[in-house]
1. Treat the count of other C-beta atoms within 10 Å as a stand-in for reagent exposure and order A:Arg10, A:Arg271, A:Arg247 from fewest to most.
2. Please find the FRET efficiency linking A:Lys114 to B:Asn6, where r is the Cβ-Cβ separation and R0 is fixed at 56 Å, and quote it to the nearest 0.05.
3. Near A:Lys181, which aspartates and glutamates are there with a Cα under 16 Å away, not counting those fewer than 8 places off in the same chain?
4. Are there any trypsin sites (Lys or Arg not before Pro) in segment B:48-132 that are in a DSSP loop and have at most 11 other Cβ atoms within 10 Å? List them by number.
5. So which GluC sites (Glu not before Pro) in segment A:4-86 are both in a DSSP loop and have at most 13 other Cβ atoms within 10 Å of their Cβ?
6. Over 18 Å between C-alpha atoms is what I'm after, so list which of B:Lys53/B:Lys88; A:Lys68/B:Lys116; A:Lys156/A:Lys226 land there.
7. Give the average, rounded to an integer, of partner chain Cβ atoms located within 10 angstrom of each Cβ in B:10-18.
8. So if we plug the beta-carbon distance of A:Gln268 and A:Thr17 into 1/(1 + (r/R0)^6) with R0 = 22 Å, what FRET efficiency do we get, rounded to 0.05?
Amino acid sequence: MASLDDLKKRISSVKSTQKITKAMKMVAASKLRRAQENAEKGRPYSDKMNNIILNLSNNITDDENSPKLLVGSGEDKVHLCIVMTSDRGLCGGFNTNIIKKAKLYFQKVLEEGKILKIITVGSKGYDQLKRAYKENIIEKISFKESKYVNYFDADKVGKIIIDKFEKKEFDVCAIFYNQFKNVITQIPQEQKIIPLKASESERSSSEDNYEFEPEEDEILSNLLPKNISTQIFKAMLENSASEQGSRMSAMDNATRNAGEMVDKLTIQYNRSRQAAITKELIEIISGAESL
Amino acid sequence: MSDGFNLEIVNPEKSFLSLENVTEVVVPAFEGEMGILKDHISIISFLKPGIIKVFTGSEEEKFYVEDGIVEFKDNNLSILTSHIFDLKNVNKDKVNISITETEKELSKDDLDDQKKFLLNHKIEILKSINLN
């Protein structure tokens, strides 16, 4: 059995860990509020953008001449995956969930004999993927320096993707991120951004007659690159809200667990203290008796 | 029934401006300035650098935009843009920085005519802002 001193040390170390997790929880909670607000504010832009593109693509019937970003390069050989994770750890299953989802997709792609390319956004994703998919990762991007998610960063990623697409380095592009539902639930998402062709069910939903100035395909070819940056930006916003939410609940759990541990250790400490006292008493009494 | 329409300007971070009962909006569309009044036909167009003018009754507001998309439908005008600021609180230093940046971009060799035109246009607009 551990000595009294050892127990005392353990109790105080668990207590200080608890202090840290508690502080992290508070910080995450206040950051979460901001991130959540930002995510909600950013939604109208991407929703409207989606709507407009949907309307535009409805008006395009000639698949062959429409922009490549919309219909794809016509092949399905090289898959580019953008895996978006956080730069910091200690946020529960946040990164692991994205990676899990992405790995499923990777396996499917590789089993079909296609070529897989990966871009990781956020350093944690790179750390987790480098062991198994080192040779597939073509680029790693991290925005550790930027304090808040901003459109400028998203635009950078978007430009890299478009640049690679124009050089015909890949045919299909998908992004992986966590969608923020609420503090305890974040849903890992897989979203195809190239080709963007809307599915049939969505197509029939809106039928408006618009006037276009200039022509549809010219607007589209201007709009699509922007849309990619917008989608990336949306993913980044959702991700940052999810990260804070996930960290908050993880740290909440950790604080609670530490509390339980302190209780248990305290009971153990008191028991062994009492045992020691009893032992001493018995020794004294039996010593006195023998006289 | 009012005699205006709704205007919403959104940028990626947030909803920049939301107004009801706007009488007229003039946007710098790609193929020339375009004034939009109530009951305009549904239209989608995109913007070049320029000034958006918003008229509400007798009031007038002006914004500088760099790019964007306009959508008008059922008397709702939405403008999506990534760069916008109110002309009332211009930061002249910032404008100057963006002028020099644009000039730098313009001095690159591999530009097509359309891009050159757009950049030149942007400089012109930015300079005119700083004069006022």
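1. Least crowded to most crowded, the residues run A:Arg271, A:Arg10, A:Arg247.
2. Using R0 = 56 Å, I get an efficiency of 0.75.
3. A:Glu37, A:Glu40, A:Glu190, A:Glu238, A:Glu243
4. Those satisfying the criteria are B:Lys108.
5. Qualifying residues, ordered by number: A:Glu64, A:Glu75.
6. Numbers: B:Lys53/B:Lys88 12 Å; A:Lys68/B:Lys116 24 Å; A:Lys156/A:Lys226 11 Å.
Check vs 18 Å cut-off fails for A:Lys68/B:Lys116.
7. Numbers: counts 9, 5, 18, 10, 8, 5, 1, 0, 1.
Shielding by partners across B:10-18 averages 6.
8. Taking R0 as 22 Å, the efficiency between A:Gln268 and A:Thr17 is 0.80.
Every number in this text was worked out from the coordinates using simple rules, so none of it is lab data. Treat the numbers as computed from the prediction; the structure is a model and nothing was measured. Counting neighbours? That spans all protein chains shown, and the Cβs are built from the backbone with ideal geometry, glycine included.
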